[in-house]
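What follows is a set of notes on a single structure, which appears directly below.
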Amino acid sequence: VVHDGYTSVYTIDASDSHLQETYLTAMGQPWATHDLSANYRTPAMMADTKPAAVVHDGYTSVYTIDANGDLQETYLPAIGDAWSTQNLSAGFGTPASKVTPAAVFHDGYTSVYTVDANGDLWETYLPAAGFPGDPWIAQNLSANYGTPAVQAGTSPVALVHDGFTSVYTVDSGSDDVQETYLPYMGDSWTTQNLSANYGTPAVMAGTEPTAVVHDGYTSVYTVDTNGDL
């Protein structure tokens with residue numbers, strides 16, 4: 001992420017599963033690295049998961065899954081402040097997960113998407129004008145809006161495009177690509193099967209989509225069962 005002129009990259013240390021930040025203060029300056037787990041108590045991460053970072057309302061937040069499956073937020077209020085860590089599962093009811101979360105900032109809300117042990121898609125969100133110390137709200141998008149169970153071992157992918165917020169997942173069983181989307185804040189979520197409706201081939205087991213917005217277009221990239229892009 002880029003935040004307040006800094007460029008930061010978040011990684012997992014292979015030796016101890018600690019969360020690391022490698023950052024550049026300005027172009028032409030040397031990069032620096034520090035251990036967020038050792039310095040700010042971010043719990044060691046679950047194997048085979050990755051950090052997800054987002055900048056929102058001046059805050060920089062990194063979301064991780066710890067060894068117990070809990071969703072953790074490690075956040076920086078402003079450059080020069082100390083990082084803080086909180087357990088969103090323990091504090092606000094996000095179910096345990098075994099896959100990498102996805103995070104977006106949309107219409108003043110900060111949302112983190114996870115998948116629980118049953119394959120249900122969850123949104124844990126901080127309402128507009130909220131700050132990381134304020135109450136988060138967790139909701140089950142599968143139970144409430146019909147998102148099919150997510151294929152085991154795959155992560156959700158989220159982005160914001162033309163005012164819409166979309167979360168892309170791979171269906172369990174059919175391996176179809178699913179879009180769960182919010183047209184605007186205050187509206188209901190809707191879900192659609194992109195494979196059934198528009199011909200996206202079944203996705204190779206264990207892989208998830210990636211998505212970008214470019215020149216007004218939204219593109220979702222997948223790998224089919226033959227390995228084709």
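The values are calculated or read from the model by the stated rules, or taken from the named source; none is laboratory data. Bear in mind the structure is a predicted one, so any value in this text is a computation, not a measurement. Ideal geometry is used to build each Cβ from the backbone, glycine not excepted, and the neighbour counts take in all protein chains shown. For accessibility, only protein heavy atoms count, side chains too; no ligands or nucleic acids. Shrake-Rupley method; radii C 1.70, N 1.55, O 1.52, S 1.80 Å.
Residue pairs, Cβ under 6 Å, 6 or more apart or interchain, first in the range 87-104 and touching a residue at least 12 places away in the same chain (Cβ under 8 Å), second buried (at least 21 other Cβ atoms within 10 Å of the Cβ) and among the charged types (D, E, K, R). List them.
L88/E73
Tell me yes or no: at least one residue of the range 2-13 is in contact with a helix residue (DSSP H, G or I) (Cβ under 8 Å, 6 or more places away or on another chain), of a type in the set (A, V, I, L, M, F, W, C) and within 29 Å of A138 (Cβ to Cβ).
No, that holds for no residue.
If you check A32, A14, which single one turns out to be at pLDDT 95 or above, of a type outside the set (D, E, K, R) and within 29 Å of P209 (Cα to Cα)?
Numbers: A32 fails: within 29 Å of P209 (Cα to Cα).
Only one candidate qualifies: A14.
Is it the case that some residue within the range 150-171 is touching a residue at least 24 places away in the same chain (Cβ under 8 Å), aromatic (F, W, Y) and within 18 Å of A202 (Cβ to Cβ)?
Yes, the range 150-171 contains a residue that is touching a residue at least 24 places away in the same chain (Cβ under 8 Å), aromatic (F, W, Y) and within 18 Å of A202 (Cβ to Cβ).
Scanning the range 31-46 for residues that are assigned to a helix (DSSP H, G or I) and open to solvent by 40 Å² or more (accessible area, probe 1.4 Å), which turns out farthest from K98 (Cα to Cα)?
Top of the filtered list is N39.
Pick out, from the range 113-221, the strands (runs of 3 or more DSSP E) lying fully within it that include 1 or more residues that are touching a Leu at 6+ places or on another chain (Cβ under 7 Å) and open to solvent by 60 Å² or more (accessible area, probe 1.4 Å).
164-170, 210-214, 217-221
Can you confirm whether D57 is free of Cβ contacts under 8 Å to residues at least 12 places away in the same chain, over 19 Å from L19 (Cα atoms) and over 15 Å from the mean Cα position of the chain (by Cα)?
Criteria not met by D57.
I need a count of the residues in the range 55-80 that are modelled with pLDDT of 95 or more and surrounded by fewer than 15 Cβ atoms within 10 Å (Cβ to Cβ).
2
Inside the range 1-51, can you point out the residues that are polar (S, T, N, Q) and under 20 Å from V104 (Cα atoms)?
Within the range 1-51, T7, S8, T11, T49 qualify.
When the range 11-30 is examined, which residues are found to be in contact (Cβ under 8 Å) with a residue 24 or more places away in the chain, of a type outside the set (D, E) and open to solvent by 30 Å² or more (accessible area, probe 1.4 Å)?
Across the range 11-30, the qualifying residues are T11, I12, S17, H18.
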